[in-house]
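Student: So that we are looking at the same thing, I have put the structure below in structure tokens.
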Amino acid sequence: MRDKRTWTGSARANIDPNHTPAVEGGHYLSATTPAQRKAVEAIVEDAQHDLLRRAHPPTVLTDEDAAALAQDYPDVMATMELDDAALAELIGGQRDVFTAACGDQLSGLHGPKGKPCPARPWVCLLCPLAVFAPRHAANLLRLKAFFSRQWQQMPAAHFMAVFGPYATRIQQVLDRFDPVLLAEAAAHVRDKDDELPLRPEELTE
């Protein structure tokens, strides 16, 4: 039997202290079968795709941009793989979700392909299919207020791990809007949880 008395309080308490990091890596982190290697490669690819999505600049449209986009916006059309009908729906509001207009809710970026996207409202902030228009300003401000409430009740490290990238992106999106528009939208924000589609465990009040 191994003596475990010295494990208490150790930074390596969750890892067998009788092994060196090299041995642990060799025993527990090596992908030894083709199926294991494939699983590890899939995890790496998912992480790389997530980093690319985060680096993708937000697509924010002003009222003038919306008119130009409906007429001719080849870059966005090519990126989102949209046809003219889908683009018209995107501009007209038929594809709106809480914080943005979605290029394709059935694309499977955050869930099974062919099923409606199950992502939480803030996930749209980093999604390459999201298009932010002036009509979304009030909901974006509601989401920003939600982040502020979460910041006040969560440890800083936990907040940054869960909401950090989204809190940074929402400010980038809002900075692209007209300050007058944001001031008008702010008048409709009550800073309450019932303004957002939240789950019980996400409530701050």
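Each reported figure results from applying straightforward, stated rules to the coordinates on display, with no laboratory input. Bear in mind that the values here come from a model prediction, so they are computed numbers and not experimental data. Note: ideal-geometry Cβ built from the backbone for every residue, glycine included; neighbour counts use all protein chains shown.
Student: What length, rounded to one decimal in nm, is gained on full extension from Arg135 through to Arg190, with 0.36 nm per residue of separation minus their alpha-carbon distance?
Tutor: Details: separation 55, 0.36 × 55 = 19.80 nm, distance 1.72 nm.
Here the segment from Arg135 to Arg190 would lengthen by 18.1 nm.
Student: If you don't mind, another one. Based on other C-beta atoms within 10 Å, arrange Arg142, Arg169, Arg37 from fewest to most. Walk me through the numbers on the way to the answer.
Tutor: Details: Arg142 22, Arg169 19, Arg37 12.
Sorted ascending by nearby Cβ count, the order is Arg37, Arg169, Arg142.
Student: Continuing with this model, one more query. In which sequence would Ile43, Ile170 go, from the one with the fewest C-beta neighbours within 10 Å to the one with the most? Walk me through the numbers on the way to the answer.
Tutor: Values: Ile43 10, Ile170 23.
Least to most surrounded, the residues fall as Ile43, Ile170.
Student: For Gln153 and Ala85 in one chain, what is 0.36 nm times their gap in residues minus the Cα-Cα distance, to one decimal in nm?
Tutor: Numbers: separation 68, 0.36 × 68 = 24.48 nm, distance 4.42 nm.
Using 0.36 nm per residue and subtracting the Cα-Cα distance, I get 20.1 nm.
Student: What is the gain in length, in nm to one decimal, between Gln94 and Arg37 on full extension, counting 0.36 nm per residue of separation less the C-alpha to C-alpha distance? Show your work: numbers first, answer last.
Tutor: Working: separation 57, 0.36 × 57 = 20.52 nm, distance 4.27 nm.
That pair, Gln94 and Arg37, stretches by 16.3 nm at full extension.
Student: Does the range 83-205 classify as rounded, prolate or oblate by the C-alpha gyration tensor (a ≥ b ≥ c root eigenvalues; a/c under 1.5 gives rounded; else a/b over b/c gives prolate, otherwise oblate)?
Tutor: Working: a/c = 1.91, a/b = 1.27, b/c = 1.50.
Cα axes put the range 83-205 in the oblate bin.
Student: Any chance you could check the Cα centroid distance between the range 104-158 and the range 190-205 for me, in angstrom?
Tutor: The range 104-158 and the range 190-205 have Cα centres separated by 14 Å.
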